[in-house]
Amino acid sequence: MEIVLGFGSNIGNRRTTIEQAYDMLSRTLGKMIKCSSFIETEPWGFECKDKFINSVAVFETLLSPLEALKVCNETEYALGRRRNNQVGYASRTIDIDILFCEDRIIDTAELQVPHPLIDKRNFVLLPLKEILPDFVHPLLNKKIKDI
């Protein structure tokens, strides 16, 4: 299965942290097929002076979507992310979101795929348009380049 992941970081050496996530996931999730350029973006959904570095990557995996989510969460933890019970968004060393699992639609308490906010976030759309412009969003039924 091809899985598309979104990456973001606004604490520490942002680019290096994302590159470390790529490396770790290449060993635990599966082969990275392609990745976007890095872009610098303003925080989304909260106020903060520290800008984000964002990117998107496609991996080939044998894991189920829920197993992949567990691996992504473990990778975040290994790279210093600590989740608390805070409501809302906050700065983070790394954030890894599952954006797509091929054309699957998953809606569970643990995982929603496609990620429900893709069409609202340019920090995800711009890298997606770079590497997957013709991919059809399975819920919006539009090519990424047309969103």
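The values are calculated or read from the model by the stated rules, or taken from the named source; none is laboratory data. The structure displayed is predicted, hence computed values, not measured ones. For neighbour counting, all protein chains shown are included, and Cβ atoms are generated from backbone atoms with ideal geometry for every residue, glycine included. These area figures cover heavy atoms from the full protein model, side chains too; ligands, DNA and RNA do not enter into them. Shrake-Rupley method; radii C 1.70, N 1.55, O 1.52, S 1.80 Å.
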Summing -39500 (n - 2.57) over every DSSP H run of at least 4 in the chain, dividing by its residue total and rounding to the nearest 500, the 222 nm mean residue ellipticity is -8500 deg cm²/dmol
Normalised radius of gyration for the chain, please: alpha carbon Rg relative to 2.2 N^0.38 Å, two decimal places.
0.97
For the stretch 33-77, what is the relative contact order in percent, using Cα pairs closer than 8 Å and at least 6 residues apart in sequence?
37
In the chain, which longest range has no GluC sites (Glu not before Pro) that are both DSSP loop (not H, G, I, E or B) and surrounded by at most 14 other Cβ atoms within 10 Å?
48-101
In the chain, carbon and sulfur make up what percent of the accessible area (probe 1.4 Å)?
50
Accessible-area order for Thr28, Thr16, Thr61, Thr41, largest to smallest, probe 1.4 angstrom, reads Thr28, Thr16, Thr41, Thr61
Beyond a 27 Å Cα-Cα separation, which of these cross-linked pairs lie in this structure: Lys34/Lys145; Lys31/Lys143; Lys51/Lys142?
Lys51/Lys142
Taking only protein heavy atoms into account and a 1.4 Å probe, give the accessible area per residue of the stretch 28-144 in Å².
56
